[in-house]
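Participant: What follows is a structure written as structure tokens; I'll ask about it next.
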Amino acid sequence: MSLAIKAENISKQYRLGEVGTGTLSHDLNRFWYKLRGKEDPYLRIGEANDRATKGESNYVWSLRDINFEIEQGDAVGIIGRNGAGKSTLLKLLSKVTKPTTGNFKVNGRIASLLEVGTGFNPEMTGRENIYLNGAILGMRRHEITRKLDEIIDFSGVERYIDTPVKRYSSGMYVRLAFAVAAHLESEILIVDEVLAVGDAEFQKKCLGKMGDVSKGEGRTVLFVSHDLSAVSTLTQKSLFLKNGNLIEFDLTKKVIQTYSNNLSSGTIFKPIINKSIPSVSKVEIFTSEGGLMQGCGEELVVEFKILMPESLHGMALSIQIINHLNQAVTYNWIFDKENHFCRDKGVNTIMLRYPNIKLYKGNYHLRVHLAETLTKQKFQQFDCLPFEIEMINKISPEWGWQENVCKYIEESLWEMN
């Protein structure tokens, strides 16, 4: 099978700060180096694009030395945290911007959906924009006309098809833009996370269409999403980007596992707190096996330290256990009206005990919410403390198989200290 996309040493560097501040001197310096046949001096500097740390350089690498090959007909997911370089990679592929170093070899036409209304002229009607997008892809008018009814029907905006798209809602924009990208005859379809704008029914419809495009029509699909369940369902292979670096390119199941393992580390988590409002200042997990290993059917204990700058009535704390597909598999909460807690100024300790937790074997992490019950004011929401469920001496003497069939917790017990 021939290659659809080959990326060779792709890097993209950006300069931080306001546009036009000090860039003329840098441009002249670059020009002087180029005249002498020397390397761009600013390619030797720059830092990884880590949003959580303060850097010393005004240059950051949004992507650095990315290499991969994608075969025709492959459906490939691109996953990673915000700022990892996912959208930058797609913009480079779509030729919205150029790479700083490296190059792409692409076999076929690319239809991309990177932002709401990508490639649309707001003054033109929906029908006119369909023909415009087709012309950009190099299709002839009769080829677009042949697909026109199918595009309009899929988008569900037939009533507004002869209305200028500037009057469309964001959802209507996405519906029509995806229908155009998916139905026009391009060999490669690139979809960023814009599908999140559409409603649930249309998202499901789009995922089904992308599956048909890849498996039925043999076209190549690149799909960026934080919905790991959708990535797992739609794609066979995935790229995992972190701080602009390619961490892994492999089968989607394996890559999602690696991504889950990289969410965090350690058994104690100390979030950034605001001492002027109620805050969870520390979360500690006590697994049955120590560290981050938990036996299926064994006790799991989570301890919270909550800092109260003043006494309040009506606090609420909720905890979810999230699986590797970013789905909540348990949901526990405590409200002040059920059990009085966090009524004392200072540090309050709460312990959540799962006496016999039964989850499928795999990787999980905690999602924590802290709010005030009466006003509904949210003080904190964060993810923390990944852990792994393993089958540890859990062979049933009666049935003879491992007891990993339950996706629930039998009981949760709050204990106040």
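Participant: For a Förster distance of 56 Å, can you work out the FRET efficiency between the beta-carbons of ILE272 and THR145, rounded to the nearest 0.05?
Facilitator: Step by step, r from the Cβ atoms, then E = 0.50.
Participant: Mind ranking 272-280, 225-233 by how tightly packed they are, going by the mean number of other C-beta atoms within 10 angstrom, highest first?
Facilitator: 225-233, 272-280
Participant: Within the range 71-173, report the GluC sites (Glu not before Pro) that DSSP leaves as loop and that have at most 13 other Cβ atoms within 10 Å.
Facilitator: Here the GluC sites (Glu not before Pro) that fit, given the DSSP loop and packing criteria, are GLU123.
Participant: Another question, then. For the range 196-243, just list the percent of Cα-Cα distances falling in each 5 Å bin from zero outward, please.
Facilitator: P(r) for the range 196-243, in whole percents per bin: 5, 18, 30, 26, 14, 6, 2.
Participant: So, for the range 97-207, what is the accessible surface per residue at a probe of 1.4 Å, expressed in square angstrom?
Facilitator: Normalised by residue count, the accessible surface of the range 97-207 is 50 Å².
Participant: Another question, if that's okay. For the pair GLU289 and SER169, how long in nm is the line joining their label points, each one 7 Å along Cα→Cβ?
Facilitator: In this crude label model, GLU289 to SER169 measures out at 4.9 nm.
Participant: Using the heavy atoms of the protein chains and a 1.4 angstrom probe, tell me the accessible area per residue for the range 243-327 in square angstrom.
Facilitator: Per residue, the range 243-327 has 44 Å² of solvent-accessible surface.
Participant: Please work out how much length the chain gains when fully extended from LYS376 to ARG36, using 0.36 nm per residue of separation minus the C-alpha to C-alpha distance, in nm with one decimal.
Facilitator: That works out to 116.0 nm of additional length.
Participant: First obtain the Kirkwood hydrodynamic radius of the range 325-368 from its Cα pairs, then insert it into the Stokes-Einstein equation at 4 °C and 1.567 mPa s, and state the resulting D in µm² per second as a whole number.
Facilitator: Answer from the Stokes-Einstein relation: 96 µm²/s.
Participant: Arrange the peptides 78-84, 93-99 so that the one whose residues have, on average, the most other Cβ atoms within 10 Å appears first.
Facilitator: Result, highest mean first: 78-84, 93-99.
Participant: Full-extension gain between GLU69 and ASP212, please, as 0.36 nm times their residue separation minus the C-alpha to C-alpha distance.
Facilitator: That works out to 49.3 nm of additional length.
Participant: Which translational diffusion coefficient, to the nearest whole µm²/s, is obtained for the range 227-324 from the Stokes-Einstein equation, given a Kirkwood hydrodynamic radius over C-alpha pairs, 10 °C and 1.306 mPa s?
Facilitator: Diffusion coefficient, whole number: 96 µm²/s.
Participant: Want the number for ASP153 to LYS361: 0.36 nm per residue separation, take away the alpha-carbon distance, what's left?
Facilitator: Residue separation times 0.36 nm, minus the Cα-Cα distance, leaves 70.6 nm.
Participant: Run the quick spin-label model on ILE247 and HIS313: label points 7 Å from Cα toward the beta carbon, then report their separation in nm to one decimal.
Facilitator: 4.7
Participant: Can you give me the distance in nm between label points at TYR14 and ASP383, each placed 7 Å from the Cα along the Cα-to-Cβ direction?
Facilitator: Result: 2.1 nm between the two label points.
Participant: In the range 239-322, what GluC sites (Glu not before Pro) fall in a loop by DSSP, with at most 15 other Cβ atoms inside 10 Å?
Facilitator: GLU289, GLU299, GLU310
Participant: Note down the net charge around SER232, summing +1 for each Lys or Arg and -1 for each Asp or Glu among other residues with Cβ under 12 Å from its Cβ.
Facilitator: Every neighbour counted, the sum reads +2.
The values are calculated or read from the model by the stated rules, or taken from the named source; none is laboratory data. Nothing here was measured: the structure is a model prediction, and the numbers come from that model. FYI the Cβ positions are ideal-geometry reconstructions off the backbone, even for glycines, and counts take in every protein chain you see. All accessible areas refer to the heavy atoms of the entire protein, side chains included, with ligands and DNA or RNA removed. Shrake-Rupley method; radii C 1.70, N 1.55, O 1.52, S 1.80 Å.
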